Amino acid sequence: MDGQPKPRPSGSKLAYLPGAESITRIDPWWGLVVLVVGLTVTLVTVRADPFWRILLFVRDGVAVTALITVSAFVFTLIAGMIGGLGRLSRNPVIHGVATLYVEIVRGIPLLVQLIWWYFAFPVVVQGIGRWLNIAAIANYQANAIVTAVIGLTVCYGAYMSEIYRAGIQSVPKDQAEAARSLGMTHFQSMRHVILPQAVRMVLPPVGNELIALLKDSCLVSVVAVADLTRRGREFMAVHFNPIEVWTMVALLYLIMTLFLARLVSWVEKKTHFER
Amino acid sequence: MDVRKGEVVVIIGPSGSGKSTLLRCINRLEEYDAGRIVVDGILLDNAQNINAVRQEIGMVFQSFSLFAHLTVMENLTLAQRVVRKRSRDESQEIALELLTKVGIPDKALAYPIQLSGGQQQRVAIARALAMNPKIMLFDEPTSALDPEMIKEVLDVMLALAKEGMTMVVVSHEMGFARAAANRMILMDEGQIVDEATPEKLFASSHERTKLFLSKVLHMY
């Protein structure tokens, strides 16, 4: 990479001095961002046809992808918390339901789940509406984006449940003991002592899930959602230039994931605490 | 076993003798299978009253168990606000008073990781005292400390004893026992084997006591 100062070898004696850290470790992320954004801008300016036209065409797909990813992520965080607590519950019914949920969802490929949600779910809802005799439900028409978000939430929620469960279990037992011995109820000790620590501990895997979710969101292109991938396909169907289209789409996904990864590590740094 | 108000009872014995378990039964961190435990007239049998009873019992652990994600001040005020429902100002005042009492008012905004072991344990004692308990339980409070820090913690405990706090202490610190204990109890294999004032216990003619003390007292 031209124009980048060479990183000092980590075995350097100077590496041990205070303040040396910022010099000895060049953040590779910046290098990658410069490369990717630079490449994209170069393509779009030097070969405006077709790259600029592709970019203009797919940009609303970028918005849809972002919307789906963010919404699914927010709901997944909630679903994961519920599922994780369910998996830790001593109540056999709650524990059973949560375990069933996790095992079933983790056993079916995401694409199949998304297709099921798109085709089967509305039929189920309509059936319930007819049985309950409520016209509004019986006439339910699937909104592709809504069913896509539901499908993604249900699937990623299962993985998130296991992450939460592991996080809660990894908080040392003495923290809960100390909280309870002060007279806090189970709920209070969870809310003020255990969960705050568990959440910080699971930020790395949760961040990973968010980035995976962004990439897996491309599967919704198969179930009638006009996301980035689908817009790319639409452009290609008309103009027959797969190499340019998919290069552009790939670069756009890469830019999104790079910035998302950066956001995740920023959040991790902000909330990190030493034990 | 009875503990009267204002008494300081020190429990000693070999590892595995059940000293910590006995202590932890008092605030039900361990379940017991038989017998009765009565704290301040309240029978410790059903889950309903356990949280209320625990408010009156302060416990200090061997590993300090400070809440790692909170500052010292937050450690001290959390239970006060959440359990005793005190206001933020009131709980902070009490916290600052107690921090001064244990000797580290300047560390109020530090995080536990930034404190030495002795300081952490003193914060832990202050945290327990912030709830104004009627009885304090100490589970080997100095066993995880560097020798240099043991004295600062024992001094705090001694001062507490002199103020008349009811204390049950599991410890190997014979010096502290001699100075502060009204009674000492020797446990072995889950049973109370001997019980007397410190002077009488150190001079006891009981076989098990003599054996244990001979192994331990050579250090002092």
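Structural remarks
- Which listed residue is touching a residue at least 60 places away in the same chain (Cβ under 8 Å) and surrounded by fewer than 20 Cβ atoms within 10 Å (Cβ to Cβ), from A:Glu103, A:Glu162: A:Glu162
- For the stretch B:81-139, a tally of residues being at the interface with another protein chain (Cβ under 9 Å from one of its Cβ atoms), β-branched (Val, Ile, Thr) and assigned to a helix (DSSP H, G or I) returns 2.
- Filtered by the rule that a residue be more than 11 Å from B:Thr142 (Cβ to Cβ), not basic (Lys, Arg) and not in a loop (DSSP other than H, G, I, E, B), the stretch B:176-185 gives B:Ala177, B:Ala179, B:Ala180, B:Met184, B:Ile185.
- Restricting the stretch B:195-209 to residues that are among the charged types (D, E, K, R) and closer than 19 Å to B:Ala179 by Cα, the residue that is least open to solvent (accessible area, probe 1.4 Å): B:Glu195
- Residues within the stretch A:216-275 that are part of a helix (DSSP H, G or I), open to solvent by less than 50 Å² (accessible area, probe 1.4 Å) and within 14 Å of another protein chain (Cβ to nearest Cβ), tallied: 1
- Evaluation of A:Gly183 against the conditions (1) crowded, with 18+ Cβ neighbours inside 10 Å; (2) on the phi < 0 side of the Ramachandran plot shows that the sole unmet condition is (2).
- Consider the stretch A:32-56 and keep the residues that are surrounded by fewer than 14 Cβ atoms within 10 Å (Cβ to Cβ) and of a type outside the set (A, V, I, L, M, F, W, C). The one that is modelled with the lowest pLDDT is A:Asp49.
- Among the residues of the stretch A:48-62, those identified as over 17 Å from A:Arg233 (Cβ atoms) and of a type outside the set (Phe, Trp, Tyr) are A:Ala48, A:Asp49.
- When B:Ala144, B:Ala126 are checked against the criterion of being of a type outside the set (D, E, K, R), touching a residue at least 40 places away in the same chain (Cβ under 8 Å) and open to solvent by 40 Å² or more (accessible area, probe 1.4 Å), B:Ala144 stands alone in meeting it.
- Against the numbered list (1) under 25 Å from B:Val39 (Cβ atoms); (2) touching an Asp or Glu at 6+ places or on another chain (Cβ under 6 Å), B:Thr209 comes up short only at (1).
- Where a residue in the stretch A:170-188 is closer than 15 Å to B:Gly58 by Cα and at the interface with chain B (Cβ under 8 Å from one of its Cβ atoms) and its partner, wherever it lies, is surrounded by fewer than 18 Cβ atoms within 10 Å (Cβ to Cβ) and at pLDDT 95 or above, with Cβ under 6 Å and at least six apart: none
- When the stretch A:72-107 is filtered for residues that are within 22 Å of A:Val199 (Cβ to Cβ) and outside any helix (DSSP H, G or I), the ones remaining, listed by number, are A:Leu88, A:Ser89, A:Arg90.
- Considering the conditions (1) open to solvent by 40 Å² or more (accessible area, probe 1.4 Å); (2) at pLDDT 90 or above; (3) not small (Gly, Ala, Ser), A:Leu132 is excluded by exactly one of them, (2).
- Taken over the stretch B:49-81, the residue count meeting the criterion of being out of contact with any Leu (no Cβ under 8 Å at 6 or more places or on another chain) and open to solvent by 20 Å² or more (accessible area, probe 1.4 Å) is 9.
- Here the stretch A:189-199 is the region considered, the condition is being within 7 Å of chain B (Cβ to nearest Cβ) and open to solvent by 10 Å² or more (accessible area, probe 1.4 Å), and the residue that is nearest to B:Phe61 (Cα to Cα) is A:His192.
- Residue that is without any contact (Cβ under 8 Å) to a residue 12 or more places away in the chain, farther than 30 Å from B:Arg54 by Cβ and under 21 Å from the mean Cα position of the chain (by Cα), where the choices are A:Val154, A:Val146: A:Val146
- Residue tally, condition more than 9 Å from chain A (Cβ to nearest Cβ) and assigned to a strand (DSSP E or B), over the stretch B:25-59: 4
The values are calculated or read from the model by the stated rules, or taken from the named source; none is laboratory data. These numbers come from a predicted model, not from an experiment. As a convention, Cβ positions derive from the backbone with ideal geometry for all residues, glycine included, and neighbour counts pool all protein chains shown. Remember, those area values only see protein heavy atoms, side chains included, never the ligands or the DNA or RNA. Shrake-Rupley method; radii C 1.70, N 1.55, O 1.52, S 1.80 Å.
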